[in-house]
Every structure is written in C-alpha cells, then in structure tokens.
1. Going through the stretch 172-198 one residue at a time, which ones are hydrophobic (A, V, I, L, M, F, W, C) and either surrounded by 12 or more Cβ atoms within 10 Å (Cβ to Cβ) or under 16 Å from residue 47 (Cα atoms) (or both)?
2. Can residue 272 be described as open to solvent by 80 Å² or more (accessible area, probe 1.4 Å) and closer than 24 Å to residue 44 by Cα?
3. Only one residue in 250, 240, 193 is under 24 Å from residue 127 (Cα atoms) and touching an Asp or Glu at 6+ places or on another chain (Cβ under 9 Å). Which one?
4. Please go through the stretch 207-241 and pick out each residue that is of a type in the set (Asp, Glu) and within 24 Å of the chain's Cα centre (by Cα).
5. In the list 247, 262, 266, which residue meets the criterion of being farther than 18 Å from residue 205 by Cβ and buried (at least 17 other Cβ atoms within 10 Å of the Cβ)?
6. Say we look at the stretch 89-117 and pick out the residues that are of a type in the set (A, V, I, L, M) and open to solvent by 10 Å² or more (accessible area, probe 1.4 Å); which of these is farthest from residue 226 (Cα to Cα)?
7. For residue 260, work out the one condition from (1) part of a helix (DSSP H, G or I); (2) without any contact (Cβ under 8 Å) to a residue 60 or more places away in the chain; (3) within 23 Å of residue 140 (Cβ to Cβ); (4) under 30 Å from the mean Cα position of the chain (by Cα) it doesn't fulfil.
8. Condition check: open to solvent by less than 60 Å² (accessible area, probe 1.4 Å) and at positive phi. Does residue 158 satisfy that?
Amino acid sequence: MAVNKFSRLMSTVVLLLLAAALLVPAVSCGKQEEDNNKIGVAVTILPQAEFVEKVGGDKVSVTVMVPPGANPHSTELTPSQMTEVAKAKMYAKVGSGIEFELTYMDKLTAINKSMQVVDCSKGIELITSVDPDEPGKDPHIWLSPQNAKIMVHNICEGLVQIDPVNKAYYEQNRDDYLQDLDNLNQEIRAKLAGVQNRAFIVFHPAWGYFVRDYNLEEIPIEVEGKEPSAQDVVLVIQKAKELNIKIIFASPQFNPQMAEVIAREIDGRVVFINDLAKDYISNLRTVSDELFEAME
C-alpha cells in the first residue's frame, strides 16, 4: 500500500514538472512575440531612454549604447548592441557632438541603412563648450529641462513617422511628459531663486546648459580633459575658500580622487551628481536639492 501511494505521488510530481517545462517555452515565446511587435529604438544615453519610453509607452523597446556607469568618451560598441541596432526601426541620436556619436554614428547607420535617425538636438541652440576635451559646442544638451522638451518633441515626431496609426497615443504621452518637465523647471527655478552664492565646483564641466538656465556659475576642476596640475588645484582651493564653498561635486563616471583632495583642503566633502541618470526628472530634482544645500 505504501509503495502504491509513493508511486502515485511520484507520478504526480513528474506530471507537474513536465507541465512546468512545457509552460516555460510558451511564456518565453509569448514574451518574445510581444517584444517583436514593439518598435525597436536605439539611443545613445540613458536620459534619452526615459524620453523614448515616456512617449512610446508600451509600443517601444529601447536599447542604450552607453550603459549605466559608462563614460561616453570611452565606451565601445558591443556585439549585442550592434545586433539590436540592426533590428531597430529608429535611432535617436543626441546630435550635439557627443563623443560616442562622433566615433560610432557612421558605423551604426551602416549596420542598418533602413533605420530612421532622429536628431534630438534639432531646434536647440548650442552653447560654447568650456571643456577643452569637447571643443566647439557643449554636447550636454539634455541637462536643461527646456532642451529636454525639444528632444521629446523630436522623438515624438520620429515615432509618429514610423507608426502614424498610433499618432494620438504618442502625442498624448508627449504632452503629459512635457507638463512634467514644465513642473520640474518651475520647481528648480523656485528652489534656486533665492540662493546668494550661485557658484559651485564640479570635477567635469557637464552642466553648462543647466547653469545657463538657472543663472549659476560652474567652476571645473578638470583642465583640458585631464587631471589638474598642482597649481590648478591651488587655484580651485583658493576660489572655494573665497566663495565659502564646502561641497565639491563629482560624476560617477569619473575618478573622484582629485575632488576628494580638494574637499579635504577646504574641510568639505564630495557629493556625486549624475549627468547621465535614466530617471531624468527624479535625478534633476536631486541635483537641484544638492546644489541648493551647497550654495545656500
């Protein structure tokens, strides 16, 4: 009797395991079919991924070329990224001279000649770069909520061209997100309006459009895209003491060692602010909070 019960139990277990094994491919195929029905969109940086996802919603699948923590100055293409680009219907490039695009954009378009390329910088007035490592125009256009609105408009136009049937869907999503960006701009402006000391020190000078929009001054540590000399460090320390600056800002993509040296000399601390975070609105809120504390 015990043997029969055990046999029935084992039979039940085997049947359940077989059912589960059959279910996994079915679920996997369903997920693959769902992804295949989405519009493949490749972007250069993470903030653009948020812009595309906010406009495209559940109708897009986004591939990012410069992954979290990577540096656009040195990131290299991977085989898996090239595979995704080959399948993409659209590439949303920053378009402002970001180094990754200067290096790889021709190669990316050659992989997929039918892919629509959207220039997110179209309609944005570029400012002069203060970073000798990025001579000419400042490529960090996304760090202004006002510029971000233009980028979102350009992305929406691209999606509508590819998928005109869903034009109303994309435009409604666009308008909802543009309102969020307007709210963000008003919040930052109100927060920083009464700050008296409007200068801050940062390792890499990525915030040119942000400081233009909110009437701030960015003091970079980096010199000609390289570590500063001892004399350069002394000058930054003197400037920090003169302006009573106690917080040195650094980016996660760069070595913070020199920022930490300066922070020790002014009896201050290093705070990381990310110019390439995907959660765009939340990130700029955090940045404005940190700047407010540093400059108050």
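1. Within the stretch 172-198, 178, 181, 184, 188, 192, 195 qualify.
2. In short, yes.
3. Unique residue meeting the criteria: 250.
4. 213, 217, 218, 222, 224
5. Of the residues listed, the single one that is farther than 18 Å from residue 205 by Cβ and buried (at least 17 other Cβ atoms within 10 Å of the Cβ) is 266.
6. Taking the candidates together, the pick is 115.
7. (3)
8. The answer is no for residue 158.
The values are calculated or read from the model by the stated rules, or taken from the named source; none is laboratory data. All values reported here derive from a predicted model rather than from experimental measurement. Cβ atoms come from the backbone with ideal geometry, glycine included; neighbour counts cover every protein chain shown. Side chains are part of the model used for accessible areas, which takes the heavy atoms of the whole protein and leaves out ligands, DNA and RNA. Shrake-Rupley method; radii C 1.70, N 1.55, O 1.52, S 1.80 Å.
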